[in-house]
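Asks: If you scroll down you'll find the structure; I have some questions about it.
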Amino acid sequence: MTDHPQIFGVAVSTFAWTARLVCAEKGAAYAFIDMVPGGVLDGVRHPFSRVPVLRWRGQVLYETLAIARYLDRELPGPPLQPPDSLAQAHMDQWISATCDYLYDTMVMGVIWPRLVSPLEGGAIDEDAIAGQVRAMTAQLGEIDQVLAAQAYLAGPALTLAELFLAPVLYWLDKTPEGHAALTDTPSVRRWLQAVTARPAFQATTPMPRVTPPAMPADEPISAGIAGLARSSDQGGADAASLD
Ligand SMILES: N[C@@H](CCC(=O)N[C@@H](CS)C(=O)NCC(=O)O)C(=O)O
(Lines give C-alpha, C1' and ligand atoms only; values in the text may rest on other atoms or scores of the structure.)
Protein backbone atom coordinates (compact mmCIF):
# COMPACT_ATOMS: atom_id res chain seq x y z
CA MET A 1 0.00 0.00 0.00
CA THR A 2 1.28 3.47 -0.88
CA ASP A 3 1.92 5.52 2.20
CA HIS A 4 1.45 9.14 1.17
CA PRO A 5 1.45 11.92 3.77
CA GLN A 6 -2.07 12.68 4.94
CA ILE A 7 -2.79 16.25 5.95
CA PHE A 8 -5.88 16.79 8.08
CA GLY A 9 -7.32 20.30 8.15
CA VAL A 10 -9.67 22.77 6.52
CA ALA A 11 -9.12 24.42 3.16
CA VAL A 12 -9.38 27.95 4.55
CA SER A 13 -6.60 27.39 7.07
CA THR A 14 -3.39 29.16 6.14
CA PHE A 15 -1.39 26.72 8.25
CA ALA A 16 -2.96 23.69 6.55
CA TRP A 17 -2.20 25.35 3.22
CA THR A 18 1.44 25.65 4.24
CA ALA A 19 1.63 21.90 4.88
CA ARG A 20 0.01 21.18 1.52
CA LEU A 21 2.38 23.62 -0.19
CA VAL A 22 5.39 21.77 1.16
CA CYS A 23 4.17 18.53 -0.43
CA ALA A 24 3.33 20.31 -3.68
CA GLU A 25 6.69 22.10 -3.90
CA LYS A 26 8.41 18.75 -3.36
CA GLY A 27 6.29 17.25 -6.13
CA ALA A 28 4.97 14.65 -3.70
CA ALA A 29 1.57 13.00 -3.70
CA TYR A 30 -0.40 13.57 -0.52
CA ALA A 31 -3.97 13.40 0.73
CA PHE A 32 -5.82 16.38 2.15
CA ILE A 33 -8.57 15.30 4.49
CA ASP A 34 -11.21 17.68 5.79
CA MET A 35 -11.09 17.94 9.56
CA VAL A 36 -12.19 20.98 11.52
CA PRO A 37 -10.13 22.19 14.50
CA GLY A 38 -11.08 20.05 17.46
CA GLY A 39 -12.24 17.21 15.23
CA VAL A 40 -11.29 13.54 15.51
CA LEU A 41 -11.07 11.45 12.35
CA ASP A 42 -9.97 7.85 12.24
CA GLY A 43 -8.30 8.36 15.60
CA VAL A 44 -6.40 11.42 14.38
CA ARG A 45 -6.73 14.53 16.56
CA HIS A 46 -4.82 17.66 17.43
CA PRO A 47 -4.40 17.71 21.19
CA PHE A 48 -4.77 21.50 21.24
CA SER A 49 -7.73 21.61 18.82
CA ARG A 50 -5.95 23.20 15.87
CA VAL A 51 -5.17 22.20 12.31
CA PRO A 52 -3.22 20.89 10.49
CA VAL A 53 -2.30 17.41 11.65
CA LEU A 54 -0.04 15.12 9.62
CA ARG A 55 -0.36 11.34 9.57
CA TRP A 56 2.38 9.51 7.76
CA ARG A 57 4.27 6.27 8.20
CA GLY A 58 2.07 5.36 11.14
CA GLN A 59 2.98 8.54 13.02
CA VAL A 60 0.82 11.55 13.86
CA LEU A 61 2.48 14.96 14.02
CA TYR A 62 1.12 18.42 14.70
CA GLU A 63 2.46 22.01 14.61
CA THR A 64 3.04 23.28 11.10
CA LEU A 65 6.72 24.06 11.51
CA ALA A 66 7.43 20.53 12.72
CA ILE A 67 5.35 19.12 9.87
CA ALA A 68 6.98 21.35 7.24
CA ARG A 69 10.54 20.62 8.32
CA TYR A 70 9.86 16.89 8.56
CA LEU A 71 8.20 16.69 5.14
CA ASP A 72 11.01 18.72 3.59
CA ARG A 73 13.67 16.45 5.07
CA GLU A 74 11.93 13.19 4.24
CA LEU A 75 10.34 13.77 0.84
CA PRO A 76 12.39 13.72 -2.35
CA GLY A 77 12.40 16.91 -4.34
CA PRO A 78 14.08 20.31 -4.09
CA PRO A 79 15.13 21.29 -0.54
CA LEU A 80 13.08 24.08 0.98
CA GLN A 81 15.53 24.85 3.79
CA PRO A 82 18.76 26.62 2.90
CA PRO A 83 22.06 24.92 3.74
CA ASP A 84 23.68 28.18 4.82
CA SER A 85 23.14 28.71 8.56
CA LEU A 86 22.49 32.45 8.34
CA ALA A 87 19.93 31.95 5.58
CA GLN A 88 18.40 29.19 7.73
CA ALA A 89 18.19 31.65 10.62
CA HIS A 90 16.50 34.23 8.41
CA MET A 91 14.03 31.59 7.27
CA ASP A 92 13.29 30.68 10.90
CA GLN A 93 12.99 34.34 11.79
CA TRP A 94 10.30 34.93 9.17
CA ILE A 95 8.40 31.78 10.03
CA SER A 96 8.41 32.81 13.68
CA ALA A 97 7.30 36.35 12.82
CA THR A 98 4.53 35.00 10.61
CA CYS A 99 3.23 32.65 13.30
CA ASP A 100 3.62 35.02 16.25
CA TYR A 101 2.85 38.50 14.86
CA LEU A 102 1.67 38.59 11.27
CA TYR A 103 -0.95 35.85 11.68
CA ASP A 104 -2.54 37.65 14.63
CA THR A 105 -2.66 41.01 12.89
CA MET A 106 -3.47 39.93 9.37
CA VAL A 107 -5.56 36.79 9.81
CA MET A 108 -7.30 37.40 13.12
CA GLY A 109 -7.27 41.20 12.93
CA VAL A 110 -8.20 41.87 9.28
CA ILE A 111 -9.00 38.77 7.21
CA TRP A 112 -11.30 37.13 9.73
CA PRO A 113 -13.46 40.16 10.56
CA ARG A 114 -13.61 41.30 6.95
CA LEU A 115 -14.18 38.03 5.13
CA VAL A 116 -15.44 35.46 7.60
CA SER A 117 -17.39 37.34 10.28
CA PRO A 118 -19.91 38.79 7.79
CA LEU A 119 -20.71 35.28 6.60
CA GLU A 120 -21.40 34.27 10.16
CA GLY A 121 -23.63 37.29 10.73
CA GLY A 122 -21.25 38.67 13.34
CA ALA A 123 -21.05 42.37 14.21
CA ILE A 124 -18.06 44.13 12.68
CA ASP A 125 -16.00 46.35 14.95
CA GLU A 126 -14.63 48.90 12.49
CA ASP A 127 -12.46 50.60 15.14
CA ALA A 128 -10.82 47.29 15.99
CA ILE A 129 -10.19 46.57 12.32
CA ALA A 130 -8.73 50.07 11.82
CA GLY A 131 -6.24 49.45 14.64
CA GLN A 132 -5.19 46.15 13.10
CA VAL A 133 -4.91 47.76 9.66
CA ARG A 134 -2.41 50.27 11.07
CA ALA A 135 -0.35 47.42 12.52
CA MET A 136 -0.68 45.40 9.31
CA THR A 137 0.47 48.36 7.21
CA ALA A 138 3.55 48.82 9.38
CA GLN A 139 4.33 45.09 9.18
CA LEU A 140 4.03 45.07 5.40
CA GLY A 141 6.38 48.07 5.30
CA GLU A 142 9.02 46.07 7.17
CA ILE A 143 8.64 43.12 4.82
CA ASP A 144 8.79 45.44 1.83
CA GLN A 145 12.19 46.74 2.88
CA VAL A 146 13.57 43.21 3.02
CA LEU A 147 12.07 42.20 -0.30
CA ALA A 148 13.32 45.36 -2.00
CA ALA A 149 16.83 44.03 -1.45
CA GLN A 150 16.38 40.33 -2.21
CA ALA A 151 14.01 38.07 -4.10
CA TYR A 152 12.82 35.99 -1.15
CA LEU A 153 12.56 36.35 2.62
CA ALA A 154 15.72 34.39 3.41
CA GLY A 155 17.76 35.34 0.34
CA PRO A 156 17.82 34.51 -3.35
CA ALA A 157 15.86 31.24 -3.13
CA LEU A 158 12.38 30.24 -2.04
CA THR A 159 12.27 28.58 1.40
CA LEU A 160 9.68 27.38 3.89
CA ALA A 161 9.32 31.02 4.97
CA GLU A 162 7.49 31.77 1.72
CA LEU A 163 5.17 28.83 2.30
CA PHE A 164 4.12 30.21 5.68
CA LEU A 165 3.64 33.83 4.65
CA ALA A 166 2.18 33.56 1.13
CA PRO A 167 -1.16 31.98 2.18
CA VAL A 168 -1.63 34.77 4.72
CA LEU A 169 -0.93 37.51 2.17
CA TYR A 170 -3.04 35.76 -0.45
CA TRP A 171 -6.08 36.09 1.81
CA LEU A 172 -5.06 39.55 2.98
CA ASP A 173 -5.13 40.69 -0.64
CA LYS A 174 -8.81 39.71 -0.77
CA THR A 175 -9.67 42.38 1.81
CA PRO A 176 -9.99 46.01 0.68
CA GLU A 177 -7.48 47.17 3.29
CA GLY A 178 -4.98 44.46 2.53
CA HIS A 179 -5.29 44.98 -1.20
CA ALA A 180 -4.57 48.70 -0.81
CA ALA A 181 -1.64 48.10 1.54
CA LEU A 182 -0.12 45.54 -0.83
CA THR A 183 -0.41 48.03 -3.67
CA ASP A 184 1.61 50.45 -1.54
CA THR A 185 4.34 47.85 -0.91
CA PRO A 186 5.52 46.99 -4.43
CA SER A 187 8.27 44.61 -3.40
CA VAL A 188 5.85 42.54 -1.34
CA ARG A 189 3.40 42.64 -4.24
CA ARG A 190 6.11 41.45 -6.65
CA TRP A 191 7.04 38.65 -4.22
CA LEU A 192 3.41 37.62 -3.78
CA GLN A 193 2.90 37.50 -7.52
CA ALA A 194 6.01 35.34 -7.94
CA VAL A 195 5.03 32.89 -5.19
CA THR A 196 1.36 32.62 -6.14
CA ALA A 197 2.27 32.00 -9.79
CA ARG A 198 4.21 28.87 -8.88
CA PRO A 199 2.57 25.60 -9.93
CA ALA A 200 2.53 24.38 -6.32
CA PHE A 201 0.60 27.43 -5.18
CA GLN A 202 -1.79 27.26 -8.11
CA ALA A 203 -2.43 23.58 -7.48
CA THR A 204 -3.22 24.13 -3.79
CA THR A 205 -5.13 27.42 -3.93
CA PRO A 206 -8.45 26.66 -2.26
CA MET A 207 -10.35 29.63 -3.65
CA PRO A 208 -12.52 29.04 -6.69
CA ARG A 209 -10.83 30.91 -9.52
CA VAL A 210 -14.03 32.56 -10.69
CA THR A 211 -15.01 36.13 -10.05
CA PRO A 212 -18.68 36.69 -9.31
CA PRO A 213 -20.17 38.52 -12.31
CA ALA A 214 -21.22 41.54 -10.27
CA MET A 215 -17.66 42.25 -9.14
CA PRO A 216 -14.94 44.00 -11.13
CA ALA A 217 -12.13 41.58 -11.93
CA ASP A 218 -9.53 43.38 -9.78
CA GLU A 219 -11.70 44.04 -6.75
CA PRO A 220 -11.07 42.17 -3.52
CA ILE A 221 -13.96 39.90 -2.79
CA SER A 222 -15.36 38.06 0.14
CA ALA A 223 -17.66 35.87 -1.92
CA GLY A 224 -14.94 33.33 -2.56
CA ILE A 225 -14.73 32.61 1.13
CA ALA A 226 -18.32 31.43 1.04
CA GLY A 227 -17.28 28.93 -1.60
CA LEU A 228 -14.41 27.89 0.58
CA ALA A 229 -16.60 27.41 3.58
CA ARG A 230 -18.87 25.24 1.48
CA SER A 231 -16.02 23.23 0.02
CA SER A 232 -14.48 22.61 3.41
CA ASP A 233 -17.87 21.50 4.70
CA GLN A 234 -18.15 18.86 2.05
CA GLY A 235 -15.43 16.63 3.39
CA GLY A 236 -13.28 14.22 1.48
CA ALA A 237 -9.75 14.34 0.20
CA ASP A 238 -8.28 16.98 -2.05
CA ALA A 239 -8.97 15.93 -5.60
CA ALA A 240 -5.50 16.93 -6.73
CA SER A 241 -3.81 14.82 -4.15
CA LEU A 242 -5.56 11.55 -3.70
CA ASP A 243 -3.49 8.59 -2.78
N1 LIG B 1 0.72 26.56 16.18
C2 LIG B 1 -0.19 25.93 15.25
C3 LIG B 1 -1.23 26.92 14.83
C4 LIG B 1 -2.29 26.29 13.94
C5 LIG B 1 -3.55 27.15 13.90
O6 LIG B 1 -3.71 28.12 14.64
N7 LIG B 1 -4.43 26.77 12.99
C8 LIG B 1 -5.69 27.46 12.90
C9 LIG B 1 -6.22 27.43 11.49
S10 LIG B 1 -5.22 28.41 10.39
C11 LIG B 1 -6.67 26.78 13.81
O12 LIG B 1 -6.67 25.58 13.92
N13 LIG B 1 -7.52 27.56 14.46
C14 LIG B 1 -8.55 27.04 15.28
C15 LIG B 1 -8.68 27.76 16.59
O16 LIG B 1 -7.92 28.72 16.83
O17 LIG B 1 -9.54 27.41 17.37
C18 LIG B 1 0.59 25.39 14.04
O19 LIG B 1 1.68 25.91 13.78
O20 LIG B 1 0.14 24.45 13.40
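Asks: Of all the residues that make up segment 60-83, how many are away from the ligand (no atom under 16 Å from the Cβ) and more than 19 Å from L147 (Cα to Cα)?
Replies: Matching residues across segment 60-83 total 8.
Yes or no, residue by residue, for (1) modelled with pLDDT of 95 or more; (2) closer than 27 Å to M106 by Cα; (3) basic (K, R); (4) not in a helix (DSSP H, G or I):
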site	(1), (2), (3), (4)
V12	no, yes, no, yes
F15	yes, yes, no, no
E25	yes, yes, no, no
I33	yes, yes, no, yes
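Asks: Oh, and also: Is at least one residue of segment 13-26 of a type in the set (F, W, Y) and within 11 Å of the ligand (Cβ to nearest atom)?
Replies: Yes, the conditions are met somewhere in segment 13-26.
Asks: Let me ask something else. Pick from T98, T64, T105: which is modelled with pLDDT of 95 or more and either touching a strand residue (DSSP E or B) at 6+ places or on another chain (Cβ under 8 Å) or over 17 Å from V22 (Cα atoms) (or both)?
Replies: T105
Asks: Can you tell me which residue among A181, A138, A130 is surrounded by 21 or more Cβ atoms within 10 Å (Cβ to Cβ) and of a type in the set (A, V, I, L, M)?
Replies: A181
Asks: If you don't mind, another one. Between Q145, Q139, Q150, Q132, which is in contact with a Gly (Cβ under 6 Å, 6 or more places away or on another chain) and either without any contact (Cβ under 8 Å) to a residue 40 or more places away in the chain or closer than 20 Å to Y170 by Cα (or both)?
Replies: None of the other options fit; the residue is Q132.
Asks: Still on this structure: Of the residues that make up segment 120-134, is at least one part of a helix (DSSP H, G or I), outside the structural domain of V12 (by TED's automatic domain parsing), within 16 Å of the ligand (Cβ to nearest atom) and not aliphatic (A, V, I, L, M)?
Replies: Going through segment 120-134, the residues part of a helix (DSSP H, G or I) turn out to be 120, 126-134.
Then drop every residue that is not outside the structural domain of V12 (by TED's automatic domain parsing), which leaves 120, 126-134.
Filter again for within 16 Å of the ligand (Cβ to nearest atom), leaving 120.
From what's left, not aliphatic (A, V, I, L, M): 120.
Among the residues of segment 120-134, at least one is part of a helix (DSSP H, G or I), outside the structural domain of V12 (by TED's automatic domain parsing), within 16 Å of the ligand (Cβ to nearest atom) and not aliphatic (A, V, I, L, M), which makes the answer yes.
Asks: Here are some residues: M91, M108, M35. Which one is closer than 19 Å to T159 by Cβ and either away from the ligand (no atom under 11 Å from the Cβ) or out of contact with any Cys (no Cβ under 9 Å at 6 or more places or on another chain) (or both)?
Replies: Result of the check over M91, M108, M35: M91.
Asks: Follow-up question, since we're still on this one. If you check F15, F48, which single one turns out to be among the aromatic types (F, W, Y), outside the structural domain of E162 (by TED's automatic domain parsing) and over 19 Å from the mean Cα position of the chain (by Cα)?
Replies: When all the criteria are applied, what remains is F48.
Asks: So which residues in segment 168-178 are farther than 15 Å from I143 by Cα and surrounded by 24 or more Cβ atoms within 10 Å (Cβ to Cβ)?
Replies: Hits for segment 168-178 are W171, T175.
Asks: To continue, here is another question. Suppose we filter Q88, Q81, Q93 for residues that are among the polar types (S, T, N, Q) and outside any helix (DSSP H, G or I); which single one remains? Steps first, please.
Replies: Values: Q88 fails: outside any helix (DSSP H, G or I); Q93 fails: outside any helix (DSSP H, G or I).
Result of the check over Q88, Q81, Q93: Q81.
Asks: Find the residue count for segment 123-150, including only residues that are within 18 Å of A97 (Cβ to Cβ) and not β-branched (V, I, T).
Replies: 15
Asks: For Q6, state whether it is at pLDDT 95 or above, closer than 24 Å to D173 by Cα, away from the ligand (no atom under 15 Å from the Cβ) and surrounded by fewer than 23 Cβ atoms within 10 Å (Cβ to Cβ).
Replies: Working: at pLDDT 95 or above: yes; closer than 24 Å to D173 by Cα: no; away from the ligand (no atom under 15 Å from the Cβ): yes; surrounded by fewer than 23 Cβ atoms within 10 Å (Cβ to Cβ): yes.
Here the answer is no, as Q6 does not meet what is asked.
The values are calculated or read from the model by the stated rules, or taken from the named source; none is laboratory data. As the structure is a prediction and not an experimental result, all values here were calculated from the model. Heads up, the Cβs are rebuilt from the backbone with ideal geometry, glycines too, and the neighbour counts pull from every protein chain shown.
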